[in-house]
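Novice: There's a structure below that I have some questions on.
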Amino acid sequence: MKKLVSVLLMASMTGLLLMSTGCGAKKQLVMATNAEFPPYEFHEGDAIVGIDAEIAQAIADEVGAELVIEDMAFDSVLAAVQTGKADMGIAGLTVTEDRLKNVDFSNPYATAAQVIIVLNDSDIATPDDLAGKTVGVQLGTTGDIYADDIEDATVERYNKGFEAVQALIQGKVDAVIIDNEPAKVFVEQNEGIKIIDEAFTYEEYAIAVKKGNTELLNKINDAIKKLQDSGKLQEIVDKYITAE
Ligand code: ARG
């Protein structure tokens with residue numbers, strides 16, 4: 001009996017605490033990301049903008065919550081979701097078997113590819129030519145994982161994809177493996193580099209939630225479906241990616 005009372009007391013106290021921290025404000029939906037990945041997420045002045053940021057806002061609207069974006073190292077994004085520090089990871093996250101062991105993923109909202117950026121006069125023309133070369137990647141990305149499998153290659157890992165591109169321009173690495181859309185942005189913004197024709201791998205982007213959080217996952221999938229059916233997703237994509 002005593003135990004029950006204290007349990008009840010604790011429960012009502014946590015309730016009070018939750019109410020008081022809420023202060024009548026909307027509940028928050030925390031998104032973990034790494035805003036070094038244009039056009040999906042990047043800094044524009046003080047704001048974090050991009051395709052993922054807009055998708056996240058639509059999900060927050062669907063859930064009736066205030067969106068909070070937490071910018072962190074890319075290799076912390078999934079950990080933040082796993083530990084509950086963030087409700088969802090939206091970071092151009094590729095669905096992989098390994099990641100599925102640690103988090104749940106929504107339905108995919110985009111397709112992507114890992115591509116190879118080289119100097120214009122490079123002798124690297126296909127993925128096979130990467131054997132024995134020095135390859136730059138963003139730490140913890142699928143590019144990093146694939147680079148690991150290249151025969152005799154040396155992999156240089158950077159905190160930001162753009163740092164890998166700078167290393168390429170400075171001659172510190174022979175090639176960069178990175179997702180196709182950021183690759184296009186970086187190549188557009190810098191002289192003397194190009195994307196080779198043959199893509200390395202094809203992938204799908206999805207949103208990560210803590211394992212077992214089906215409530216949020218269902219809402220995210222609903223929001224994605226609505227965005228797709230209404231044409232809003234395409235609108236968002238068109239705003240950030242100009243068709244070739
Ligand atoms: N798609 C790749 C992956 O999931 C790279 C994602 C990088 N995203 C970022 N926001 N920096 O590993």
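Novice: Let me confirm something: among GLN189, GLN114, GLN170, which residue is crowded, with 21+ Cβ neighbours inside 10 Å and either within 11 Å of the ligand (Cβ to nearest atom) or free of Cβ contacts under 8 Å to residues at least 60 places away in the same chain (or both)?
Specialist: GLN114
Novice: Please determine, by comparing only the residues of the stretch 202-234 that are outside any helix (DSSP H, G or I) and surrounded by 16 or more Cβ atoms within 10 Å (Cβ to Cβ), which one is farthest from the chain's Cα centre (by Cα). Please lay out each step first, then the result.
Specialist: Taking the stretch 202-234 first, the residues outside any helix (DSSP H, G or I) are 202-213, 230-231.
Then keep just the ones that are surrounded by 16 or more Cβ atoms within 10 Å (Cβ to Cβ); that gives 203, 205-210, 213.
Values: GLU203: 13, TYR205: 8, ALA206: 8, ILE207: 8, ALA208: 9, VAL209: 12, LYS210: 15, ASN213: 19 Å.
Taking the candidates together, the pick is ASN213.
Novice: Moving on to the next point. Might you let me know whether the stretch 84-107 holds any residue that is at pLDDT 95 or above, among the β-branched types (Val, Ile, Thr) and more than 21 Å from GLU203 (Cα to Cα)? Walk me through it before giving the result.
Specialist: So the first thing to find is which residues in the stretch 84-107 are at pLDDT 95 or above, and the list is 84-107.
Add one more test, that the residue is among the β-branched types (Val, Ile, Thr), and what stays is 90, 94-96, 103.
The next check asks that each one be more than 21 Å from GLU203 (Cα to Cα); those that pass are none.
No; the residues of the stretch 84-107 include none that is at pLDDT 95 or above, among the β-branched types (Val, Ile, Thr) and more than 21 Å from GLU203 (Cα to Cα).
Novice: Out of the residues in the stretch 28-64 that are surrounded by fewer than 17 Cβ atoms within 10 Å (Cβ to Cβ) and of a type in the set (Gly, Ala, Ser), which is farthest from ASN102 (Cα to Cα)?
Specialist: Within the stretch 28-64, the match that is farthest from ASN102 (Cα to Cα) is GLY45.
Novice: Any residue in the stretch 145-161 that is closer than 10 Å to ILE117 by Cβ and away from the ligand (no atom under 16 Å from the Cβ)?
Specialist: Taking every residue of the stretch 145-161 in turn, none turns out to be closer than 10 Å to ILE117 by Cβ and away from the ligand (no atom under 16 Å from the Cβ).
Novice: I've got another one for you. Quickly run through the stretch 62-82 and pick out the residues that are touching a residue at least 40 places away in the same chain (Cβ under 8 Å) and not hydrophobic (A, V, I, L, M, F, W, C).
Specialist: Taking the stretch 62-82 and keeping what is touching a residue at least 40 places away in the same chain (Cβ under 8 Å), we get 62-63, 66, 68, 70, 72-78, 80-82.
Once the filter is applied, which keeps residues that are touching a residue at least 40 places away in the same chain (Cβ under 8 Å) and not hydrophobic (A, V, I, L, M, F, W, C), the stretch 62-82 yields GLU62, GLU66, GLU70, ASP75, SER76, GLN82.
Novice: If I ask for residues that are assigned to a helix (DSSP H, G or I) and touching a strand residue (DSSP E or B) at 6+ places or on another chain (Cβ under 9 Å), which ones from the stretch 76-103 would you list? Let's see the steps before the verdict.
Specialist: Within the stretch 76-103, the subset assigned to a helix (DSSP H, G or I) is 76-82, 97-100.
SER76, VAL77, LEU78, ALA79, ALA80, VAL81, GLN82, ARG99, listed by residue number.
Novice: Just to be sure, is ALA199 in a loop (DSSP other than H, G, I, E, B), within 16 Å of the ligand (Cβ to nearest atom) and in contact with a strand residue (DSSP E or B) (Cβ under 7 Å, 6 or more places away or on another chain)? Give the steps one after another, and end with the answer.
Specialist: On the way: in a loop (DSSP other than H, G, I, E, B): yes; within 16 Å of the ligand (Cβ to nearest atom): yes; in contact with a strand residue (DSSP E or B) (Cβ under 7 Å, 6 or more places away or on another chain): yes.
In short, yes.
Novice: While we're looking at this one, here's another question. Can you say whether GLU215 is of a type in the set (Asp, Glu) and either closer than 17 Å to THR111 by Cα or in contact (Cβ under 8 Å) with a residue 40 or more places away in the chain (or both), as far as the supplied structure shows? Working first, answer last.
Specialist: Working: of a type in the set (Asp, Glu): yes; either closer than 17 Å to THR111 by Cα or in contact (Cβ under 8 Å) with a residue 40 or more places away in the chain (or both): no.
For GLU215, the condition - of a type in the set (Asp, Glu) and either closer than 17 Å to THR111 by Cα or in contact (Cβ under 8 Å) with a residue 40 or more places away in the chain (or both) - is not met.
Novice: Going by what's in this entry, would GLN138 be described as within 14 Å of ASP197 (Cα to Cα) and either within 11 Å of the ligand (Cβ to nearest atom) or in contact with a helix residue (DSSP H, G or I) (Cβ under 6 Å, 6 or more places away or on another chain) (or both)? Before you say what the answer is, go through the steps one by one.
Specialist: Values: within 14 Å of ASP197 (Cα to Cα): no; either within 11 Å of the ligand (Cβ to nearest atom) or in contact with a helix residue (DSSP H, G or I) (Cβ under 6 Å, 6 or more places away or on another chain) (or both): yes.
Considered against the rule, which asks whether it is within 14 Å of ASP197 (Cα to Cα) and either within 11 Å of the ligand (Cβ to nearest atom) or in contact with a helix residue (DSSP H, G or I) (Cβ under 6 Å, 6 or more places away or on another chain) (or both), GLN138 comes out as no.
Novice: Taking the stretch 83-107, which residues are surrounded by 16 or more Cβ atoms within 10 Å (Cβ to Cβ) and among the polar types (S, T, N, Q)? Full working, then the answer.
Specialist: Going residue by residue through the stretch 83-107, those that are surrounded by 16 or more Cβ atoms within 10 Å (Cβ to Cβ) are 86-95, 99, 103-106.
Of everything in the stretch 83-107, those that are surrounded by 16 or more Cβ atoms within 10 Å (Cβ to Cβ) and among the polar types (S, T, N, Q) turn out to be THR94, SER106.
The values are calculated or read from the model by the stated rules, or taken from the named source; none is laboratory data. Note that the structure is predicted; figures quoted are calculated from it, not measured. Glycine gets a Cβ as well: all are built from the backbone with ideal geometry, and neighbour counts include every protein chain shown.
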